[in-house]
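Below is one structure; the comments refer to it alone.
The values are calculated or read from the model by the stated rules, or taken from the named source; none is laboratory data. Nothing here was measured: the structure is a model prediction, and the numbers come from that model. Positions of Cβ are backbone-derived with ideal geometry, glycine not excepted, and every protein chain shown enters the neighbour counts. Heads up: the accessible areas ignore ligands, DNA and RNA and are worked out on the full protein's heavy atoms, side chains in. Shrake-Rupley method; radii C 1.70, N 1.55, O 1.52, S 1.80 Å.
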Amino acid sequence: MKNFRSFGMTVAVALVAGLSLQACADDDDWGRGWWKRADFAPLNDPQYVAECGDCHMPYQPGMLPAASWRRIMNGLDDHFGDNAELDEPVRQHILSLLESNAADRVDTGRSPGVARSLAGQAPLRFTETRYFRRKHYEIPERLVKNNPDVGSFSRCDACHLKADQGNYDEHQVRIPGVGRWDD
Ligand code: HEC
Ligand code: HEC
């Protein structure tokens, strides 16, 4: 009898555990939380976020290789038509963080794949890489350039709800004016 009771207990516990696992699996948030790492690891350095997250989101360094970051940080006086110059110590601080977390220096998320696909090239934009284009070619211009709530592919966070966490999962995308993206 005692054995039977504890067997019943085991079944009950297993059921509850199973149900809650199921509930977790249904929730994307939770699903990515602890067993899947970010697509690109965020750089939470306060100076980086303040200086490079003012005009656009602070891009995750793992989107571009170290050589790209050096080019970008050496040309801040003409940064895509803007002046984004920094005091030298701040520039050095940010550059060294970008370099050590660059696509060709880390082994997390999509970074190694991005570095491999660039094969030594050092573009100024992630949005102009083949890697990026392959993921976005289905999205028509009118939903980006001609969309007042987006304007440019460089605005990852206009469509990717968790871009700030480096999460670019295709289930966490809403193109403004379009709603949930289902292809
Ligand atoms: C004064 C505003 C401004 C500041 C400050 C700024 N940027 Fe930019 N950045 C821009 C503009 C404008 C673009 C082009 C955006 C577009 O095409 O829609 C851009 C684009 C970029 C891109 C290319 C994104 C892509 O893949 O298309 C990178 C990388 C970038 N910035 C990095 C940085 C870094 C690193 C810093 C800090 C040192 C920084 N930015 C600070 C204005 C700024
Ligand atoms: C106009 C909206 C929009 C913007 C802006 C945008 N994306 Fe996307 N992105 C999408 C959509 C929609 C998909 C899903 C495409 C598909 O599966 O057909 C996607 C897919 C991706 C994927 C692949 C996700 C997966 O699960 O396979 C990555 C990585 C990604 N985007 C990164 C970025 C980054 C980084 C930026 C900014 C530099 C960016 N995206 C800007 C809409 C956008």
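A few comments on the model shown:
- Annotation note: trypsin sites (Lys or Arg not before Pro) in region 82-183 located in DSSP loop regions with a Cβ neighbour count of at most 14 within 10 Å are K145.
- 11 Å beta-carbon shell around P65, net charge (K/R +1, D/E -1): +2
- Split the accessible area of region 66-130 by element, probe 1.4 Å, and carbon with sulfur accounts for 44%.
- Region 32-95 and region 131-183 have Cα centres lying 20 Å from one another.
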